[in-house]
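Colleague: Would you mind keeping the following structure in view while I ask a few things?
The values are calculated or read from the model by the stated rules, or taken from the named source; none is laboratory data. Predicted, not measured: the structure shown is a model, and the values here were computed from it. Ideal geometry is used to build each Cβ from the backbone, glycine not excepted, and the neighbour counts take in all protein chains shown.
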Amino acid sequence: MTGNRMTEIYKELDLLSTELGPVGGGPNPPAHEDVPTFEIDMKGHLLKVPPLIVEITGFSKEELGLLSFQNIIFNEDRNKLLSSMSSIAAGAPVVITELELFSEESGAHPVEVIMLPIRKGGEVSGAWGVIKDIKGRKHLEDSLLRTRELQERSQRFLSDFVSLMAREIRQPLTEMLLTLEMLHSGHFGDVNDRQKARMDQLITAVDRLKGILNQAIDSSKDAGREIKLEKDTLDLKEVLKGTVLERKGLLESKGIKYDLTLPERSVMVQLDRKAIQQAIGNLIDHGAGQMPKGGAIRIDMEMRNEAILVTFTDSGPGIPEEEVEQLFERFHVDRDREGGSFIEGLSLYMAKRIIETHGGRIWCESFPGLGTSILMTLPVKTVDQGG
Amino acid sequence: MVESIMVVEDREPIAEVLRDMLMANGFSVVALATTGKEAVEMFTRERPGIVIMDLLLPDMSGLEVTTRLIEIDPSVKVIAITALSRDGLIEDALNAGCVRFMTKPFRIKELVGTIREISSP
């Protein structure tokens, strides 16, 4: 049971005690008829029947008066009721349980029963309390559960599919790579320098394919995995600077200049270093992917009230408005751009999940023809005043 | 002493290129098996010091074969090679007794380096 639900129940108990006097081992049920409470004896016979039970079961008050609580619930729930009654008999001040009542209309109707002891001469002689209709809540909980199961199933399917595909591709790649290397070494006859150079290119291509496969496998597993953070209070400025430096070689090799503007002071943020490095790295890679023929990336970091705003702006061709909306969706692929890949799509989806798990936000602003900015905020713990 | 090696790999083109590559690098390939059953038979007969074991074989798993080979000769060193990517596979391979684990595709120098690393001095 969730904490919120418990809070609700305590509120209900408070309300009962205000209306009916203190509950929980003290007084017995109210005498007046219009309060929708129920009463049962220790054998479960219904001594007082609230309108909700009449409404759900379709039995009249008189008919219900001849029955016990056990008669109007499903067999599977009888042990639950017996155990609740045993707790009441043993002195529990309040017992809360969920049961399914027979319903004329729907077969089974879920209710929540809040039960308190009735005392006579110091002995517990029965129980009283309220019955609450939770059909709507149950329905919602069931839908959520089903949605979650469906998500997990599709996630497993995706991960299995990618692994299977990788397995089938890795076999011929192994044959190609080893054969190419043997050819290159002259095992099958003399090879001239020009042929060797072409073979080197092919070997590099196979290596790249291997990297893509590994990334696809990792990403398909990561995408469904719950992100578990191990947070420390760290200077985001240093984390950002470090991650950009790690990408320096890659950016330079693609003819991309970068410009990093950081605040003078330290910006202490509660964060998981590895996760944030992954998110920042993915954003830089996305920017670089927008400029296959070179360009510039500007990274600005500035304070905005209680949050820090980091903006990654590239000088690429920009992203059409309809694409911007789907940019952070899992497996979004920019279909018009040659370099677009589903791994890239996953990387933005992962960045969004990481930033949001840190309590931050991420969004994109793009101006076709001028470039794209991806902006992210993170809540700041303190800003070091010392500089 | 030249290290004697058995290659267990069900895909013949890969098995053959592995054999050629190992021989070109000065190793002695004493057996080439394409099934688990064949691997056990050839191992019993040839007793190689090192086995390069594909984990996915048509009749049994490479890990099962590894266990059987170690029962026959506890001193054998098995290098697992695989195209699989299941979580926990590396741990399973090491628990079965494999001394190294390599994911396909790998470069010649990686496999040769691994064999030299585990070879008897």
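Colleague: Which residue is nearest to residue A:162 (Cα to Cα), if the candidates are limited to the range A:222-243 and must be in a loop (DSSP other than H, G, I, E, B) and of a type in the set (A, V, I, L, M)?
Modeller: The residue in question is A:227.
Every residue, every condition in (1) over 24 Å from residue A:303 (Cβ atoms); (2) assigned to a helix (DSSP H, G or I); (3) within 14 Å of chain B (Cβ to nearest Cβ), yes or no:
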residue: A:199; (1), (2), (3): yes, yes, yes
residue: A:210; (1), (2), (3): yes, yes, yes
residue: A:213; (1), (2), (3): yes, yes, yes
residue: A:218; (1), (2), (3): yes, yes, yes
residue: A:245; (1), (2), (3): no, yes, no
residue: A:258; (1), (2), (3): no, no, no
residue: A:265; (1), (2), (3): no, no, no
residue: A:277; (1), (2), (3): no, yes, no
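Colleague: Could you tell me whether any residue of the range B:10-22 is touching a Phe, Trp or Tyr at 6+ places or on another chain (Cβ under 7 Å) and closer than 26 Å to residue A:167 by Cβ?
Modeller: No.
Colleague: For residues in the range B:12-55 being surrounded by fewer than 17 Cβ atoms within 10 Å (Cβ to Cβ) and among the basic types (Lys, Arg), which is nearest to residue B:110 (Cα to Cα)?
Modeller: This residue is B:47.
Colleague: So, residue A:336, is that one acidic (Asp, Glu), buried (at least 17 other Cβ atoms within 10 Å of the Cβ) and either modelled with pLDDT of 85 or more or more than 28 Å from the chain's Cα centre (by Cα) (or both) or not?
Modeller: Answer is no for this residue.
Colleague: What is the number of the single condition among (1) out of contact with any Leu (no Cβ under 9 Å at 6 or more places or on another chain); (2) away from chain A (no Cβ under 14 Å) that residue B:58 does not meet?
Modeller: Here residue B:58 meets the rest and fails (2).
Colleague: Another one. So, in the range A:257-287, exactly how many residues are loosely packed, with under 15 Cβ neighbours inside 10 Å and touching a Phe, Trp or Tyr at 6+ places or on another chain (Cβ under 9 Å)?
Modeller: 0
Colleague: Is it true that some residue in the range A:355-367 is in a strand (DSSP E or B), over 19 Å from the mean Cα position of the chain (by Cα), modelled with pLDDT of 55 or more and under 26 Å from residue A:226 (Cα atoms)?
Modeller: yes
Colleague: Search the range B:63-92 for residues that are more than 19 Å from residue A:161 (Cβ to Cβ) and within 14 Å of another protein chain (Cβ to nearest Cβ) and pair each with any residue that is of a type in the set (D, E, K, R) and assigned to a loop (DSSP other than H, G, I, E, B) when their beta-carbon atoms are under 8 Å apart and the residues are at least 6 apart or on different chains.
Modeller: B:81/B:9; B:81/B:104
Colleague: If we scan the range B:95-108, do we find a residue that is away from chain A (no Cβ under 14 Å), assigned to a helix (DSSP H, G or I) and farther than 20 Å from residue A:211 by Cβ?
Modeller: Scanning the range B:95-108 turns up at least one residue that is away from chain A (no Cβ under 14 Å), assigned to a helix (DSSP H, G or I) and farther than 20 Å from residue A:211 by Cβ.
Colleague: I'd like to check something: does the range A:177-194 contain any residue that is at the interface with another protein chain (Cβ under 10 Å from one of its Cβ atoms), within 18 Å of residue B:84 (Cα to Cα), crowded, with 17+ Cβ neighbours inside 10 Å and touching a residue at least 12 places away in the same chain (Cβ under 8 Å)?
Modeller: For the range A:177-194, residues at the interface with another protein chain (Cβ under 10 Å from one of its Cβ atoms), within 18 Å of residue B:84 (Cα to Cα), crowded, with 17+ Cβ neighbours inside 10 Å and touching a residue at least 12 places away in the same chain (Cβ under 8 Å): present.
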